[in-house]
Amino acid sequence: MQQGTLMRKVKSKSWKKQRYFKLQEDCMTIWYQSKRTGKTESAFSISDVETVREGHQSEVLQSVAEEFPPERCFTIVFYGRRGNLDLIAGSAEEAQCWVQGLRQLIEPRSLPLTSALVSRTWIRDWFQKADKNKDGRMNFKEVQRLLKMMNVDMNEDHALRLFQDADKSESGTLEGEEFVLFYKALTQREEVLSLFQEFSEDGKKLTLLELVDFLREEQLEDEGTEELAMELIDKYEPSETARARHVLSADGFLMYLCSLEGSIFNPQHRALWQDMSQPLCHYFISSSHNTYLIEDQIRGHSSIEGYIRALKRGCRCLEVDCWDGPNGEPMVYHGHTFTSKIPFREVVSTLGKYAFKVRHPSPGAGGRGWSSVGEDTCYWSCWPPAGQDPRGQGPWRCCVAESGSLSTTLQELKHKILLKGKKIGRLEDTLDGPGDEAHDVSDDDNGAEAEEERRRAKVRGTQHGSALQKDKETLAQALSDCVIYCKNVPFRGFQEARSHSRPSEISSLSEAKARKLIRDEGNEFVRHNAWQLTRIYPSGMRTDSSNYSPQEMWNVGCQIVALNFQTAGTEMDLCDGLFSQNGCCGYVLKPPFMRDEETLFNPSDPSSREGLGPITLTIQVISGQQLPKVANSKEGAIIDPLVRVEIYGVPADQAHQETKYIENNGFNPRWDETLQFQIHVPELALVRFVVEDYDKTSRNDFVGQFTLAFANIKPGYRHIHLLSKDGTSIPPSSLFVHIRITE
């Protein structure tokens, strides 16, 4: 890659500024500076880059497509909610140089993150940050600065002792291997070494049989344990001599515990492990609300980036609000608001590129790497402009599911995109001939939710007055014929639905309406969702794109619980946590008692769940490792971390407990505290681990979190690899815990 390149940074069709871009010598940082002033404007780390897209694959670059060919254009996409960087190189060769170079630099992160790989990157990163005068050496003053940066409040005498021990050359500075020695002394894991020595007869190694004992007694591995032990030695033991002798050193033991096999997330549940041949209504489906919005609901920006991010996060139900645009060109935006607009054609083109793009789950089974899985069905609800004929335009032809016999299982719906929308007549009419049916709207009559429904009714081509009257506007027959599996019908009660509705139909309910039904008719709601789809959407009052709790909707089996994916918080953590299993495909099979149309289960009465009694979850929170600093904290500030464990599930299972806080230590805090929970309906429970910076005068600050379904917890000594507020991984930050599950 060239070490300095003049390229155009593009923010809009009219904003194109020339900037010099340069890859730093550490091969981890890229900075760019103004051509005119020569001042450095910004810099970013390679670790912040998620992917690189070639050509006109952003709205900004599409706007300059006539001026600049796609061969010279590329987009750098960052993790989280940081905006993309759109660039135009001076030539196609320069563009390829940067695109291929960046991809090679970020590619190693697609490999399993072993402890050694993380450590090498981490050590180099910290050395570069602390080497203030950039002479490739580190004096003691710089080491003290490093400790502050790493969230460590260490006694000066102890720090000096570690420094002198590592300074083998006695030069008064650390360089190369000396810094590695210093780093290893700093990161010594006494709690892991103690555990290692408990099972090692000589305290120096674990023989194959000793490792088997540990796996059986502590990790509760009960099948193929000897084979597993051999695999772990071959995979994580750094010494060739030890591998040949089939023994595991203390370093290898630590690498195993920090690996995927040592994670709290059951590795067998990372892949597609559930039955995918059930009817569609038997699955929870990852679903988004107003997918095109990446900000608020009133003045926010509409962007195809919203669809790309949602699909890559595993979302399977997308929302496309279509309105008539200039010259008959449909546009997508939030109607009757000031949100920006994007052409419908661009949305469909984006879905064509990303809907079935296979992306494997990330090593952390959380954070990045989630995407649309090609073997499953992608759903997206669409309210088109009046009179539009979808089959008359090219993009639709590749997106609409074909008519035919009604497929009832997820397996049968592979590689199809389904339209949820209004339909003239019944499915049988589509197959046998056209029919007539009055247009339906939801019967939502609840304040802000009614206003939301009135807005949607207009989008669907209906007139929604105070009495929710229907108008005479017609729906295009060709569009109606596209709606095969998800015909939208109003909800008029469970008895009415059981008597007159069909499994191929779906009703949409506001969060308030759903809560009322949960409160008044919980069991009937569960039964209804055992045979028909239900979609829940946020209140119209959530103009800031905030989210409701999806858990209470999942508790009654609602399949399509639509959330604002652009808004980070507990609600999206729960969504990510539930759908991080099963290959991150966006579908999770509901428990058996929620797939039975005659079930007695009611989430307000845990005893209605047939089967075993409550399960006890015991969590010993042992330690934390290299916790990140709080965003925008003062220079030199060190966090006071505490750990809170939260249980989400049926009302009887909702609970949280937390440890004490540790003063001034975000680097290697030790809690050694035990928390215990009784869980009545474990099939629906989610467990969220949260690290916060304690503040006695104000609200605690968020540090990191990890959420997973109770069913995916692996007992034993486990590491929990923390995620940021945006759901991105923050290696090597983790918690070390001991998990026990008893009946």
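The values are calculated or read from the model by the stated rules, or taken from the named source; none is laboratory data. As the structure is a computational prediction, the values presented were derived from the model and not from experiment. Don't worry about glycine lacking a Cβ; one is built from the backbone with ideal geometry, like all the others, and counts go over all protein chains shown. Surface accessibility is based on the protein's heavy atoms, side chains included, excluding ligands, DNA and RNA. Shrake-Rupley method; radii C 1.70, N 1.55, O 1.52, S 1.80 Å.
For residue 79, which of the numbered conditions (1) at pLDDT below 85; (2) over 21 Å from residue 307 (Cα atoms) fails to hold?
The single condition residue 79 does not satisfy is (2).
Here is a yes/no grid of residues against (1) at pLDDT below 95; (2) β-branched (Val, Ile, Thr):
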residue	(1), (2)
604	no, no
623	no, no
641	no, no
687	no, yes
691	no, yes
698	yes, no
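Given the conditions (1) open to solvent by 40 Å² or more (accessible area, probe 1.4 Å); (2) modelled with pLDDT of 90 or more, report the number of the one that residue 89 does not fulfil.
The failed condition is (1).
Is there a residue being open to solvent by 20 Å² or more (accessible area, probe 1.4 Å) and among the charged types (D, E, K, R) anywhere in the stretch 300-308?
No, the stretch 300-308 contains no residue that is open to solvent by 20 Å² or more (accessible area, probe 1.4 Å) and among the charged types (D, E, K, R).
Restricting the stretch 620-636 to residues that are assigned to a loop (DSSP other than H, G, I, E, B) and touching a strand residue (DSSP E or B) at 6+ places or on another chain (Cβ under 9 Å), which is surrounded by the most Cβ atoms within 10 Å (Cβ to Cβ)?
For the stretch 620-636, the residue satisfying everything is 627.
Yes or no, residue by residue, for (1) touching a residue at least 24 places away in the same chain (Cβ under 8 Å); (2) within 20 Å of residue 664 (Cβ to Cβ):
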| site | (1), (2) |
| --- | --- |
| 139 | yes, no |
| 161 | no, yes |
| 181 | no, no |
| 199 | no, no |
| 202 | no, no |
| 220 | yes, no |
| 224 | no, no |
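Just give me the residues in the stretch 306-344 being more than 27 Å from the chain's Cα centre (by Cα), more than 17 Å from residue 545 (Cα to Cα) and outside any strand (DSSP E or B), in sequence order.
Those that are more than 27 Å from the chain's Cα centre (by Cα), more than 17 Å from residue 545 (Cα to Cα) and outside any strand (DSSP E or B): 324, 325, 326, 327, 328, 329, 330.
Within the stretch 234-255, how many residues turn out to be surrounded by fewer than 22 Cβ atoms within 10 Å (Cβ to Cβ) and free of Cβ contacts under 8 Å to residues at least 60 places away in the same chain?
Total meeting the criteria: 14.
Residues that are of a type outside the set (Lys, Arg), open to solvent by 50 Å² or more (accessible area, probe 1.4 Å) and under 32 Å from the mean Cα position of the chain (by Cα): does the stretch 179-202 have at least one?
yes
Kindly indicate whether any position in the stretch 15-33 is exposed (fewer than 14 other Cβ atoms within 10 Å of the Cβ), modelled with pLDDT under 80 and either hydrophobic (A, V, I, L, M, F, W, C) or closer than 30 Å to residue 565 by Cβ (or both).
yes
Report, by residue number, each residue of the stretch 730-743 that is more than 18 Å from residue 255 (Cα to Cα) and either surrounded by fewer than 18 Cβ atoms within 10 Å (Cβ to Cβ) or at pLDDT below 95 (or both).
740, 741, 742, 743
Might you check whether a residue that is within 28 Å of the chain's Cα centre (by Cα), at positive phi and in the same structural domain as residue 412 (by the TED database) occurs anywhere in the stretch 273-290?
Yes, because at least one residue in the stretch 273-290 is within 28 Å of the chain's Cα centre (by Cα), at positive phi and in the same structural domain as residue 412 (by the TED database).
Within the stretch 702-729, can you find the residues that are over 14 Å from residue 263 (Cα atoms), in a loop (DSSP other than H, G, I, E, B) and open to solvent by less than 30 Å² (accessible area, probe 1.4 Å)?
Residues satisfying the conditions are 724, 727, 728.
State whether one or more residues within the stretch 660-675 are over 23 Å from the mean Cα position of the chain (by Cα), within 25 Å of residue 554 (Cα to Cα), open to solvent by 60 Å² or more (accessible area, probe 1.4 Å) and at pLDDT 95 or above.
No, that holds for no residue.
With the condition being among the basic types (Lys, Arg), I'd like the helices (runs of 4 or more DSSP H) fully within the stretch 163-257 carrying at least 3 qualifying residues.
none
Can you say whether residue 699 is open to solvent by 60 Å² or more (accessible area, probe 1.4 Å), not hydrophobic (A, V, I, L, M, F, W, C) and not assigned by the TED database to the domain that holds residue 221, as far as the supplied structure shows?
yes
Which of the residues belonging to the stretch 637-655 are buried (at least 22 other Cβ atoms within 10 Å of the Cβ) and charged (D, E, K, R)?
653
Could you say whether any residue in the stretch 132-154 is in a loop (DSSP other than H, G, I, E, B), open to solvent by 40 Å² or more (accessible area, probe 1.4 Å) and modelled with pLDDT of 85 or more?
Checked the stretch 132-154: at least one residue is in a loop (DSSP other than H, G, I, E, B), open to solvent by 40 Å² or more (accessible area, probe 1.4 Å) and modelled with pLDDT of 85 or more.
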